[in-house]
Structure formats: C-alpha cells, structure tokens
Amino acid sequence: MRDDGKGEGKGEGKGEAGDGGRDGARGEGKAGRAGNGRNETPEQRADRQWQELVQEIRVAQTGVQILFGFLLTVVFTPQFHRLPQTDKTIYVATVVLASMATGALIGPVAFHRIVKGRRIKPQAVVWASRLTFAGIVLLLATLTAALLLVLRVATRNAVAPWLVTGVLVWYVLCWFALPLWARARYTRKG
C-alpha cells in the first residue's frame, strides 16, 4: 500500500507531491501551494493528514477496544469478588480510563461524520488530532492501571509498583520522549 496521501478511490488528494506539479482541473498555480515542502494545497495537506491520522487511530483503537473488552469480563469472574477493596478500586479506575480512551479514540470518527462536506477538513484534522492525543494519554493511564492490578494480584508483594513504574517509564520513553527528541533534532529550523 502506497503512502502518498492520496484518497482511496474517493477523489481526495489530487495533485499530490510527486505528480509533477499538476493541479488537475482546479487550475491552481504554484501560488496556491502551501509552503510545507510537499508541493500540495492546504486542502490536499488536510486530506493527507486525515488519512495519516486515521491509520494511527486504527492501531491505538484496536488495542484499547480489546483491552476494554477483557476488562469488562473481569467483574463477572468468581476471583473478582475475593479481591481486596484496593484492587477493586484499581479495577474500577482502569475500566473508567479504558472507556474514556475508547471514547477519545472513536471521537474523530464521529467528528468526521458530523462535519463531513462542510469544507472544514483542516480544522477537523486539528480537533481529531487533539482527541487522538487525549486517547493515547488515557491509553497510557489504562495500561498502567491494568498492569498494576494484574501484578498486585499475581505477586502480592511490594515489587508490583516498581515493575509498573519501570514499564511506565518505558511507555513514556517510546511514546513521548523519543518522538519529541526526534522532532527537536530533525525538524528543519526556519
């Protein structure tokens, strides 16, 4: 599958980078192009960014929905009712976090459905990106809380919080620190 930012059979993204500067039937000259190094109009850029965002959401959304589904079944097991109140509280917090993450990651789909055809795709991309980022932060909290609960039940000792802290640091490094470092290092100045 090509990652050229063109729409998938919907007529989106005509005149993308690599098309030799063609602007299709729009008749836009080079002056109508955004200064983003891709030789695309703001509308084409929004189309490309929307497609990229949808691909990112698919990955995160699948994971959070599977985790949420498993979490929902825990309360119906005999073991759940024997848990100490602290573990039950962690469980409830984890389920609420997973539900919020699911909502945030599905939010861009609902947003798109409601604003589609209103010619505000650049703004839709901004809001959908914000919802996606909120969903990723909530997913981080969900995974951390779920891991804490599982390790508390499995080990019943003081090592669980330390293991969770180590995994949390790993998530933060992979999901936030590394991308921020790469952005600062490799983004063109000016």
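Points to keep in mind about this one:
- Contacts under 7 angstrom Cβ, first residue in segment 42-67 being within 13 Å of Lys121 (Cα to Cα) and open to solvent by less than 70 Å² (accessible area, probe 1.4 Å), partner at pLDDT below 95 and among the basic types (Lys, Arg), 6 or more apart: Ala46/Lys121; Asp47/Lys121; Trp50/Lys121
- Whichever residue in segment 68-78 is in a helix (DSSP H, G or I) and closer than 22 Å to Ser99 by Cβ and, among such residues, is nearest to the chain's Cα centre (by Cα): Phe68
- Residues that are among the small types (Gly, Ala, Ser) and over 30 Å from Phe80 (Cβ atoms) within segment 147-190 comprise Ala177, Ala182, Ala184, Gly190, listed in sequence order.
- Ala93 passes every criterion in (1) assigned to a loop (DSSP other than H, G, I, E, B); (2) hydrophobic (A, V, I, L, M, F, W, C); (3) under 14 Å from Leu149 (Cα atoms) apart from (1).
The values are calculated or read from the model by the stated rules, or taken from the named source; none is laboratory data. What you are looking at is a predicted structure, and each value in this text was computed from that prediction instead of being measured. FYI the Cβ positions are ideal-geometry reconstructions off the backbone, even for glycines, and counts take in every protein chain you see. Only protein heavy atoms, including side chains, enter the accessible area calculation; ligands, DNA and RNA are left aside. Shrake-Rupley method; radii C 1.70, N 1.55, O 1.52, S 1.80 Å.
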